[in-house]
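Scroll down for the structure; my scribbles are underneath it.
The values are calculated or read from the model by the stated rules, or taken from the named source; none is laboratory data. Here the structure is a predicted model, which is why all the values come from computation and not from measurement. No Cβ is skipped: glycine too gets one built from the backbone with ideal geometry, and neighbour counts run over all protein chains shown. Each accessible area value is taken on the protein alone, full model and side chains, heavy atoms only, with ligands, DNA and RNA left out. Shrake-Rupley method; radii C 1.70, N 1.55, O 1.52, S 1.80 Å.
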Amino acid sequence: MKITYRSKAYVLPEDAINLRSWPRAALMILHFSAEPQSHQMSGDAASIILGEIGKFLGDGGLNDKGKRVFAKEPEVLAAAMPHRSLPTPTVTLPDITWASSTSGTKEAAVSLASASPAPELADLLNRIEHFLLRFMVFRESAQVIAISLWIVHTWALDAFRVTPYLYIDSPTKRCGKSLLLDCLTALVCRPWLVATPTEATLMRRIDAEAPTVLLDEIDALYCSSRDRSKEGMRAMLNCGFVRGATVPRCSGRGIIEYSVFCPKVFSGIGNCLPDTVKDRSIWIQLLRRAKGQPVEKFRLLDVAESAKAIVDDLTSWAADEEVIEQLQASRPTVPMELGDRAADIAEPLLAIADLAAGKWAETARTSLVALLKKNDDEDADEPGVRLLRAIRDIFVAEGKKQLPTMQILRKLSGRLQRGDE
C-alpha cells in the first residue's frame, strides 16, 4: 500500500524496521486510509504504528493533542474526517488484526490493553550505556552518561521546550567520531545522517519530519574560509534549539514558516562549530583509542538485533502518554555551577535522569556540570574576553570613567611586555 504525504510516497514495507523512518503524520494517514485488517502487516509493524500514533487517537478520530499537533497537516485531518463519527473502544485504540507474513494462515489480534508494559527507564538507560561502551572508549564517564540521556531525550522530545545539541569533536582523524555517529544512528528517534546539506534542504526536511539530524563533516562547513552564505545556516541552527522557532520563506503561496526545532548532532575535526551553536551544545571531545583499550568491532549486521531491541523498548516507553506528561511537569533542580544557557541544556536530561532515579539521578548532575563547565571556562579564556578584562582593570587602576584611546593602548602594550593577562 502506498501513502502520499507532502508529495513523497511511502510504501508499506514487509518488515517493521523501515516504518521507523516514516513521519508520524504519514503513519496517521496510513491508519485512517484503510481498514487495518486489509493490511498484510507483521505484528512488529502493527505495534510500531500503534506506538507512534496511539497517543494522538481518541474519540472522533483525533484527540485534542492530536488536533494541535497535526493542525498544519491537511492530509492527516482529511484522512481522519470519515472516521470522526465511528465509536472507539474504551482503551482508545482500535484492535488490529493482521495475517502472518510467512504462512498466511495464522492470525492474531493485538490491542493496547494486551500490550506489554513499558520498560523501566533506568534499565533502558543502562542498556544504552552498555551498548555505547561495547564499541567506544570515552575520555571520561561523564560523556557516556550525557549521551545515554541525550538518546532518550530524542524519543521524548514532545515533553521539552528546548533540545540540547551534541557536538562531537576531535583534534585529528581516527578518534571515533564516525563510530559514535553510527551508534547514535542505530539508537536515536528518526535518525537522518547527512553531510554538508544546504540550508534549504535542512529546514525543509526538519519541518516535514522532525528527524534527529546527525550532521557530519561540520568542519567542511565552518573550518574553511569565512563564507557569509553560511550565516543563514548558523542562524537556523541557533534558533532551532527552542521549540516554536521558525524560519520564514517567501513562495508562490505567500510566506511559509518552516519549523526548525529538532534534536541535532554535529561532528567534525578541529573545534570548528560556530561559538553561538556550540554554546547550545554538550561538547563531546574524543581522543584516539590507545592500543591497550580493546573494544568490539561495530558491524551493522551484527549489532542490528541488539539495537532493535533497545529501539523497540524506547518506542514503547515514549508511547506512554503518562511518561510524557511527567516529563512536561518535571522541574529538576539544576546545579548552581551552571549558567542560564547551560541550565537550559541540562534541564531535559536532568528530568529524564530524575524519572529514572537511582544511579542516573545521582550521576547526571556531576556529569553535566563536568561537560558544560568546559564551555564556560573556554569562553572565559577567549581573546576578546581577556581584552575586555584587561581594559576594565586599566580603568579601575586609573580611577576614571573615560580615558584617551592612546593611553589605553600604551597600558595594554605594557601589560603584554610584562606578560600580564
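Brief remarks on what is shown
- Verdict on SER178 being open to solvent by 20 Å² or more (accessible area, probe 1.4 Å), touching a Ser or Thr at 6+ places or on another chain (Cβ under 8 Å), farther than 30 Å from LYS291 by Cα and in contact (Cβ under 8 Å) with a residue 24 or more places away in the chain: no
- Of all residues making up the stretch 326-357, the number that are outside any loop (DSSP other than H, G, I, E, B) and open to solvent by less than 40 Å² (accessible area, probe 1.4 Å): 12
- The single condition from (1) at pLDDT 85 or above; (2) open to solvent by 20 Å² or more (accessible area, probe 1.4 Å) that MET233 fails is (2).
- Filtered residues of the stretch 292-317 (kept if touching a Leu at 6+ places or on another chain (Cβ under 9 Å) and either among the aliphatic types (A, V, I, L, M) or over 18 Å from SER47 (Cβ atoms) (or both)): VAL295, PHE298, ALA307, ILE310, VAL311, LEU314
- Scanning the stretch 383-408 for residues that are of a type in the set (Gly, Ala, Ser) and within 26 Å of ASP275 (Cβ to Cβ) yields GLY384, ALA390.
- Among the residues examined, ILE151 qualifies as open to solvent by less than 10 Å² (accessible area, probe 1.4 Å) and at pLDDT 95 or above.
- Residues that are small (Gly, Ala, Ser) and either farther than 14 Å from ILE29 by Cβ or at pLDDT 75 or above (or both), drawn from the stretch 47-70: SER47, GLY51, GLY54, GLY58, GLY60, GLY66
- Qualifying residue in the stretch 266-273 (condition: open to solvent by less than 60 Å² (accessible area, probe 1.4 Å), of a type in the set (Phe, Trp, Tyr) and under 30 Å from LYS373 (Cα atoms)): yes
- Conditions (1) out of contact with any strand residue (DSSP E or B) (no Cβ under 9 Å at 6 or more places or on another chain); (2) of a type in the set (Ser, Thr, Tyr); (3) within 25 Å of TYR10 (Cβ to Cβ); number of the one not met by THR154: (1)
- Candidate set from the stretch 369-421 (those that are modelled with pLDDT of 70 or more and outside any helix (DSSP H, G or I)); member that is most open to solvent (accessible area, probe 1.4 Å): LYS401
- Tally, over the stretch 288-306, of residues that are surrounded by fewer than 17 Cβ atoms within 10 Å (Cβ to Cβ), modelled with pLDDT of 85 or more and aliphatic (A, V, I, L, M): 1
- Yes/no for TRP317 being under 30 Å from GLY58 (Cβ atoms), surrounded by 15 or more Cβ atoms within 10 Å (Cβ to Cβ), of a type in the set (Phe, Trp, Tyr) and in contact (Cβ under 8 Å) with a residue 12 or more places away in the chain: yes
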